[in-house]
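Below: the structure, in structure tokens.
The values are calculated or read from the model by the stated rules, or taken from the named source; none is laboratory data. All values derive from a computational prediction rather than experimental measurement. All Cβ positions, even for glycine, are placed from backbone atoms using ideal geometry, and neighbour counts span all protein chains on display.
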Amino acid sequence: GAVVSQHPSRVICKSGTSVKIECRSLDFQATTMFWYRQFPKKSLMLMATSNEGSKATYEQGVEKDKFLINHASLTLSTLTVTSAHPEDSSFYICSAFQETQYFGPGTRLLVL
Amino acid sequence: SQQGEEDPQALSIQEGENATMNCSYKTSINNLQWYRQNSGRGLVHLILIRSNEREKHSGRLRVTLDTSKKSSSLLITASRAADTASYFCATDPNGGFKTIFGAGTRLFVKA
């Protein structure tokens, strides 16, 4: 089956720093990937659609300058949380689309 | 914005009992999927039901879909303590590429 990985699995950073999270499709190519965030005991909220070779499409209320998305190849999308603050602490999950969605294992971000 | 609402938000049952979770959504769909998530972990895909299907089974799982009511239910029979997790429905609004999740039901199965 299709496998999607995320790196790192967890990260702790200081307030004001930027953090990059990688999402890779390991055995298939994906022109479209998605980024979600999940607060404790809440559901997954779609943040943006990442399109290979073009700009990401952000959901309403998601700051594109805060959450930079780059989809430079057919197997890699990155999410950079810029100038992170404690309220950005969350579980970030990506998915890659090939006929259906395949989800990564998630990245837990803690901003101190 | 989230597509679906789920009820109950939380469900606590005894091992061996059946657990039923419901999901409602707002737009037309091609597929509806159910996922499971253990605390702090990634998603596990349970079952997919297409809009032209009314019922689907997989082991102890039974999923129904009523497109006229825009609702689905997930039944777990003979529950086990290991079934304790959060369960989410997810849809593809208007048959698009996006997957939108419902609010989820937190199931707790007491041994």
Only residues that are away from chain B (no Cβ under 11 Å), among the small types (Gly, Ala, Ser) and either in contact with a His (Cβ under 6 Å, 6 or more places away or on another chain) or surrounded by fewer than 18 Cβ atoms within 10 Å (Cβ to Cβ) (or both): list them for segment A:53-64, please. A:Gly53, A:Ser54
Would you check if B:Gly40 is small (Gly, Ala, Ser), more than 13 Å from chain A (Cβ to nearest Cβ) and on the phi > 0 side of the Ramachandran plot? no
Selection status of A:Val111, among the hydrophobic types (A, V, I, L, M, F, W, C), more than 12 Å from the chain's Cα centre (by Cα), more than 30 Å from B:Pro8 (Cβ to Cβ) and modelled with pLDDT of 95 or more: yes
Cβ pairs under 6 Å, 6+ apart or interchain, first in segment A:38-52 and at the interface with another protein chain (Cβ under 9 Å from one of its Cβ atoms), second outside any loop (DSSP other than H, G, I, E, B) and among the hydroxyl-bearing types (Ser, Thr, Tyr), ordered by first then second residue, are A:Leu44/A:Tyr36; A:Leu46/A:Tyr36; A:Thr49/A:Thr57
Conditions first: (1) touching a Lys or Arg at 6+ places or on another chain (Cβ under 8 Å); (2) surrounded by 13 or more Cβ atoms within 10 Å (Cβ to Cβ). B:Arg36 passes all but one, so which condition is the exception? (1)
Select from segment A:78-112 the residues that are within 14 Å of chain B (Cβ to nearest Cβ), farther than 21 Å from B:Arg41 by Cβ and buried (at least 17 other Cβ atoms within 10 Å of the Cβ) and list them in ascending order. A:Phe97
Residue under evaluation B:Ala82, criteria (1) surrounded by fewer than 13 Cβ atoms within 10 Å (Cβ to Cβ); (2) in a loop (DSSP other than H, G, I, E, B), criterion not met: (2)
Of all residues being crowded, with 24+ Cβ neighbours inside 10 Å and more than 7 Å from chain A (Cβ to nearest Cβ) in segment B:88-102, which is farthest from A:Ser50 (Cα to Cα)? Just the residue, please. B:Cys89
Report whether or not B:Asn52 is under 23 Å from A:Tyr102 (Cα atoms), surrounded by fewer than 17 Cβ atoms within 10 Å (Cβ to Cβ) and either at pLDDT 95 or above or of a type in the set (A, V, I, L, M) (or both). yes
